[in-house]
Amino acid sequence: MTTCLSTSSAFPVKLILLSAGIFLSLFFLVPLLLVFGVSLASRGMYGGIAWIATWENYQRLLDPLVGTIFLRSFLFAGLTTIVCVVVGFPLAYCMARASRQWQLLLLTLVMIPFWTNFLVRTYAWVLIFRADGILNTFLMRLGLLEEPLSLLFTDVSVFVGLVYGYLPFMVLPLVVAIERISPQLEEAAFDLYASMGAMFRHVLLPLSKPGFIAGGVLVFIPSLGAFITPYLLGGGQKMMLGTLIQQEFLVSRDWPFGSALSFGLMGTVLLLWFLLGRTSYGRNSS
Amino acid sequence: MKRIPTSFLLNSMMVMLFLYLPVVILIGMSFNASTMGIAWKGFTVQWYQKLVMDPSILDATLNSVFIACVSTGLALILGVGTAIGLEKNQGMQMPWVNMVMVLPLVIPEILLGVALLMVFVLCRIPLGFGTIIIGHMVFNLPLTVVIVRARLRKLDPAWEDAARDLGATPWNVLTRITLPMLRPAIWGAALLGFTVSLDDFVVTFFVAGPGSTTLPLKVFSMIKTGITPEINALSAVMVVVSMICVGLSWLFQQRSTVGSSESTLS
C-alpha cells in the first residue's frame with residue numbers, strides 16, 4: 001500500500017510536469033529547430049522566407065566581412081575569458097579561504113551586479129567612456145590629456161564592457177572549485193618548502209581546473225553572443241555576432257542568413273557544453 | 001586564519017571597485033543638476049520629478065510589472081510542479097530532460113530572441129504582451145526548477161515517509177509537508193524570476209510589439225535618441241529596485257539552507 005503511494009506522485013504534479021514539458025518543447029526546442037530549418041531556406045522577394053533549399057546562407061558565412069565579425073567575436077570572447085580568469089582568480093581565492101561571515105558578504109557583493117539590470121550597467125560605461133565623460137574629464141583635469149580621447153565605440157570600450165558584464169560568471173565557479181581543495185594540501189606544499197609561486201603552480205591551479213573550465217564556458221558563451229555590450233559600447237564600428245544577427249533579423253530582414261549565423265553560434269555553444277559535460281565538473285553539478 | 005597573499009587582497013579590492021564604481025557614478029550623476037557633461041553643478045532631484053511626470057515611463061513601468069508578475073506566476077506553478085515531479089520520479093531523471101531544463105539559461109539570449117520571433121511571426125501570433133510573457137517564461141521556468149530542485153535534494157525524505165506512514169494521501173503529503181518545506185525556495189525563485197523578467201532586455205527587444213514597451217526597452221530607446229539626465233535617474237531607480245529584489249531573494253534562499261550542513265553558492 002505504502003509503496004504504491006510513494007511511487008505514484010500526486011495527479012496535478014504529473015499534469016504540470018507534462019505541461020512544462022510541452023511548453024518548453026513548443027517555445028524552446030521547436031524555435032531552435034526552426035532556426036536550423038530557415039537557415040537552409042532562401043530569402044523571399046520582400047524580406048520573407050522562400051522555402052527553397054540552399055546552402056548559400058552557410059557559404060555566405062565565409063564572406064570576408066562576416067569572417068572579420070566572427071573572428072572579432074571569438075577574439076573578444078577569448079580575451080574576455082582570459083582576463084576574467086586572471087582578474088577573478090585572486091578574488092575567488094580570497095572568498096574561498098575567507099571566514100564564513102566574510103564569505104557570505106563577498107558572495108552577496110559579487111552576486112548583486114550579476115542580477116542587476118545588464119542594460120543599465122552597460123550604459124554606466126557609456127557615461128564613463130564618452131568624449132565628455134568621466135574618464136576624459138578626469139584625465140584632462142589631471143593635465144594628462146590635452147583633448148578628449150575617443151574611447152567610446154572602440155575595441156577597448158567593448159572589451160571592458162564584456163569583462164565587466166561577465167566577471168561574476170567566472171568568480172562563482174572558481175570559488176566553488178577552490179573551496180573543495182583542502183587547505184591542508186597547501187600547508188603540505190609549504191611544509192615541503194614550496195614557495196608561494198610553486199604552491200600555486202603545482203597544487204592550487206591544477207586542482208582548480210574544474211572551476212576554470214566551468215567559469216571559462218560561462219564567460220565565453222555569453223561574450224560570444226553578446227548583443228547589448230557591442231551595441232552600446234561598440235556602435236556600428238565594432239560589430240560582433242550578436243549585433244550582426246540583430247541587424248540581419250530587424251534591419252536587413254534577411255532571416256535565412258540571420259538563421260545561418262544564429263545556428264553557427266548555436267553549434268559552437270552546444271559543442272562547448274558537450275565538451276564541458278564530459279569533464280567531471282559537468283557531471284557532478286548541474 | 002590561513003595566509004592570503006597581500007597582492008590577492010589588493011586585487012580583490014580593485015575588482016570590487018571595478019564592479020561597483022560604474023554603478024556608483026551612475027547613481028551620483030542622476031543627482032547632478034548639469035544637463036550637459038559631467039561637471040558637478042549641484043544636487044537636484046529634478047530628473048526624478050521629470051520621470052514621475054512622464055506618462056510614457058509610467059506606462060512602461062506598469063507594463064514591466066504586469067509582464068513580470070504574470071510570467072513569474074505561471075513559471076512558478078509549472079516550475080514547482082516540474083521540480084517535484086523530476087525529483088520524486090527517479091524514472092524521469094534522464095540526462096536529456098535535465099539538459100532541456102537548463103539549456104534556456106545557458107545559451108546566448110539573442111538566440112532565444114530570434115528563434116521566438118520567427119516562430120511567432122510564422123505562426124501569425126501578434127507580437128505584444130502574450131509573446132513577451134511566453135518569452136520570459138522560457139527562462140523563468142528553468143530558473144524556478146533549478147532553485148526548487150536544489151532545495152528538494154536537501155530535504156530529509158523522512159518527513160514525507162512519516163506522513164505517508166501515518167496515512168496521508170499523496171495530495172496531503174504534497175500540500176502539508178513538501179510545499180511548506182519548500183516555501184523559502186519558492187519565494188526566492190519568485191523574487192529572482194520577477195527581477196530577471198523586470199530586467200530582461202534582449203528577448204523582450206525581439207518579441208515586443210507596438211504598445212507593449214517595457215522599462216528596459218524604454219531606457220534603450222531613450223539612450224538611442226540621446227543621453228539625458230533622465231536616463232541616469234531612471235537607470236538608478238532600476239538598479240536600486242533590482243538590488244532590493246535580489247537581496248530579498250538571497251535572504252530567502254539563505255534561510256532555506258538553515259538546518260542543512262552544506263553551503264549554497266549558486
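Any residue that is closer than 30 Å to B:V237 by Cα and under 22 Å from the mean Cα position of the chain (by Cα) - is there at least one of those in the range A:57-72?
Looking only at the range A:57-72, we keep the residues that are closer than 30 Å to B:V237 by Cα, and these are none.
Within the range A:57-72, not a single residue is closer than 30 Å to B:V237 by Cα and under 22 Å from the mean Cα position of the chain (by Cα).
Would you pick out the residues in the range B:154-180 that are under 24 Å from B:L191 (Cβ atoms), within 11 Å of another protein chain (Cβ to nearest Cβ) and surrounded by fewer than 17 Cβ atoms within 10 Å (Cβ to Cβ)?
B:T175, B:L179
Would you point out which residue out of B:A33, B:A39 is of a type in the set (A, V, I, L, M, F, W, C) and facing chain A (nearest Cβ under 9 Å)?
Values: B:A33 fails: facing chain A (nearest Cβ under 9 Å).
On inspection, the qualifying residue turns out to be B:A39.
What's the number of the condition B:I84 fails, among (1) of a type outside the set (G, A, S); (2) under 19 Å from A:I134 (Cα atoms); (3) facing another protein chain (nearest Cβ under 9 Å)?
It fails just one condition, (2).
Hey, any hits in the range B:192-209 for a residue that's under 30 Å from A:R100 (Cβ atoms), of a type in the set (V, I, T) and at pLDDT 85 or above?
Taking every residue of the range B:192-209 in turn, at least one turns out to be under 30 Å from A:R100 (Cβ atoms), of a type in the set (V, I, T) and at pLDDT 85 or above.
A:L61 - would you say it is touching a Gly at 6+ places or on another chain (Cβ under 7 Å) and either modelled with pLDDT under 90 or at the interface with chain B (Cβ under 7 Å from one of its Cβ atoms) (or both)?
Values: touching a Gly at 6+ places or on another chain (Cβ under 7 Å): yes; either modelled with pLDDT under 90 or at the interface with chain B (Cβ under 7 Å from one of its Cβ atoms) (or both): yes.
Judged against the criteria, A:L61 is a match.
In this structure, is A:S99 modelled with pLDDT under 90, more than 26 Å from B:I134 (Cα to Cα) and over 28 Å from the mean Cα position of the chain (by Cα)?
Working: modelled with pLDDT under 90: yes; more than 26 Å from B:I134 (Cα to Cα): yes; over 28 Å from the mean Cα position of the chain (by Cα): yes.
The answer is yes for A:S99.
Identify, by number, the condition in (1) closer than 19 Å to A:L17 by Cα; (2) buried (at least 22 other Cβ atoms within 10 Å of the Cβ); (3) of a type in the set (A, V, I, L, M, F, W, C); (4) more than 8 Å from every other protein chain (Cβ to nearest Cβ) that B:L76 doesn't meet.
Exception for B:L76: condition (2).
When you look at B:I57, is it within 7 Å of another protein chain (Cβ to nearest Cβ) and in contact with a helix residue (DSSP H, G or I) (Cβ under 8 Å, 6 or more places away or on another chain), yes or no? Full working, then the answer.
Working: within 7 Å of another protein chain (Cβ to nearest Cβ): no; in contact with a helix residue (DSSP H, G or I) (Cβ under 8 Å, 6 or more places away or on another chain): yes.
No, not satisfied.
Given the options A:V120, A:V158, A:V163, A:V176, name the one that is among the β-branched types (V, I, T), away from chain B (no Cβ under 11 Å) and surrounded by 15 or more Cβ atoms within 10 Å (Cβ to Cβ). Don't jump to the end; show me each part of the working.
Numbers: A:V120 fails: away from chain B (no Cβ under 11 Å); A:V163 fails: away from chain B (no Cβ under 11 Å); A:V176 fails: away from chain B (no Cβ under 11 Å).
Criteria check complete, one pass: A:V158.
When you scan the range B:221-237, how many residues do you find that are within 10 Å of chain A (Cβ to nearest Cβ), buried (at least 21 other Cβ atoms within 10 Å of the Cβ) and not β-branched (V, I, T)?
Taking the range B:221-237 first, the residues within 10 Å of chain A (Cβ to nearest Cβ) are B:222-224, B:227, B:231-232, B:234-237.
From what is left, the residues that are buried (at least 21 other Cβ atoms within 10 Å of the Cβ) are B:231-232, B:234-236.
When the remaining residues are screened for being not β-branched (V, I, T), the result is B:232, B:234-236.
Selection size over the range B:221-237: 4.
Can you name the residue in the range A:230-259 that is farther than 16 Å from B:L111 by Cα and polar (S, T, N, Q) and is also modelled with the highest pLDDT among such residues?
Within the range A:230-259, the match that is modelled with the highest pLDDT is A:S252.
What number goes with the only condition from (1) under 25 Å from the mean Cα position of the chain (by Cα); (2) more than 8 Å from chain A (Cβ to nearest Cβ); (3) not charged (D, E, K, R) that B:L117 does not pass?
Unmet for B:L117, out of (1) under 25 Å from the mean Cα position of the chain (by Cα); (2) more than 8 Å from chain A (Cβ to nearest Cβ); (3) not charged (D, E, K, R): (2).
Between a first residue in the range B:24-41 that is among the charged types (D, E, K, R) and a second residue that is at pLDDT 80 or above and assigned to a loop (DSSP other than H, G, I, E, B), which pairs have beta carbons less than 6 Å apart while being 6 or more apart in sequence or on different chains?
B:K41/B:A33; B:K41/B:S34
Looking at (1) free of Cβ contacts under 8 Å to residues at least 60 places away in the same chain; (2) surrounded by fewer than 13 Cβ atoms within 10 Å (Cβ to Cβ); (3) part of a loop (DSSP other than H, G, I, E, B), which is the only condition B:L58 fails?
Condition not satisfied by B:L58: (3).
Any idea which residue in the range B:1-21 is modelled with the lowest pLDDT, counting only those that are among the hydrophobic types (A, V, I, L, M, F, W, C) and over 26 Å from the mean Cα position of the chain (by Cα)?
Going residue by residue through the range B:1-21, those that are among the hydrophobic types (A, V, I, L, M, F, W, C) are B:1, B:4, B:8-10, B:13-19, B:21.
If we keep only those that are over 26 Å from the mean Cα position of the chain (by Cα) too, we end up with B:1, B:4, B:8-10, B:13-14.
Values: B:M1: 45, B:I4: 79, B:F8: 88, B:L9: 90, B:L10: 91, B:M13: 92, B:M14: 93.
In this case the residue turns out to be B:M1.
Surrounded by 21 or more Cβ atoms within 10 Å (Cβ to Cβ) and either of a type outside the set (G, A, S) or more than 17 Å from the chain's Cα centre (by Cα) (or both): is that true of B:I147 in this structure?
Details: surrounded by 21 or more Cβ atoms within 10 Å (Cβ to Cβ): yes; either of a type outside the set (G, A, S) or more than 17 Å from the chain's Cα centre (by Cα) (or both): yes.
Judged against the criteria, B:I147 is a match.
Pick out, from the range A:1-50, the helices (runs of 4 or more DSSP H) lying fully within it that include 2 or more residues that are within 7 Å of chain B (Cβ to nearest Cβ), modelled with pLDDT of 85 or more and within 23 Å of A:F263 (Cα to Cα).
Working: elements: A:2-7, A:11-24, A:30-39.
Per the criteria, A:11-24, A:30-39.
The values are calculated or read from the model by the stated rules, or taken from the named source; none is laboratory data. Bear in mind the structure is a predicted one, so any value in this text is a computation, not a measurement. Virtual Cβ from ideal backbone geometry, glycine too; neighbours counted across all protein chains shown.
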